[in-house]
Every structure is written in C-alpha cells, then in structure tokens.
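Contents: one structure, followed by commentary.
What follows is calculated from the coordinates using simple rules that are stated; it is not laboratory data. From a predicted model like this one, the values you see are computed outputs, not experimental measurements. Counting neighbours? That spans all protein chains shown, and the Cβs are built from the backbone with ideal geometry, glycine included.
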Amino acid sequence: MDRKKELKMQYKQMKPEMGIIMVRAKSGNKYFLQGTQNLKGFINRTKF
C-alpha cells in the first residue's frame, strides 16, 4: 500500500516538458504555432 502512495506522489511531482510546436502545411505558407505545457501529450494528441 505504501508503494502505491509513493508512486502517486512521485507522479504528481513530475514536471512535463514544456515547449512550442509548429505544424506546417506541405503546400502553401500556412502553419499552426502553439505553446504547450505538456509537449509529449500535445504531439501524441495531434498525431492521433
């Protein structure tokens, strides 16, 4: 039981990578620029 609490507390203290992502269209000069606090999550959500 203590191990679960320890893992939960460790997860809450984790800080995700922050960053800026740019998605650019292959044709034309259009692009989407976004700043996010969870870069890996945003990339995963965008790919899905």
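Using only Cα atoms, find the angle between the long axis of helix 2-13 and the longest principal axis of the chain, and express it within 0 to 90 degrees, rounded to the nearest 10. So the inclination is approximately 30 degrees. Rounded to the nearest whole Hz, the Karplus-based 3J(HN,Hα) values (6.51 cos²θ - 1.76 cosθ + 1.60, θ = phi - 60°) of the stretch 17-28 follow the sequence 5, 9, x, 10, 10, 10, 10, 10, 6, 5, 9, x, with x at glycine and proline. For Q34 and Y11, what is the calculated FRET efficiency with R₀ set at 30 Å and r taken between the beta-carbons, to the nearest 0.05? E(calc), rounded to 0.05, equals 0.75. In units of the rule-of-thumb radius 2.2 N^0.38 Å, the chain shows an alpha carbon radius of gyration of 1.73. With 21 Å as the limit on Cα-Cα distance, the pairs of K26/K47; K5/K40; K15/K40 that go past it are K5/K40. Karplus-based coupling profile of the stretch 42-47, in residue order and whole Hz: 5, 5, 4, 5, 5, 5, with θ = phi - 60° in 6.51 cos²θ - 1.76 cosθ + 1.60 and x standing for Gly or Pro.
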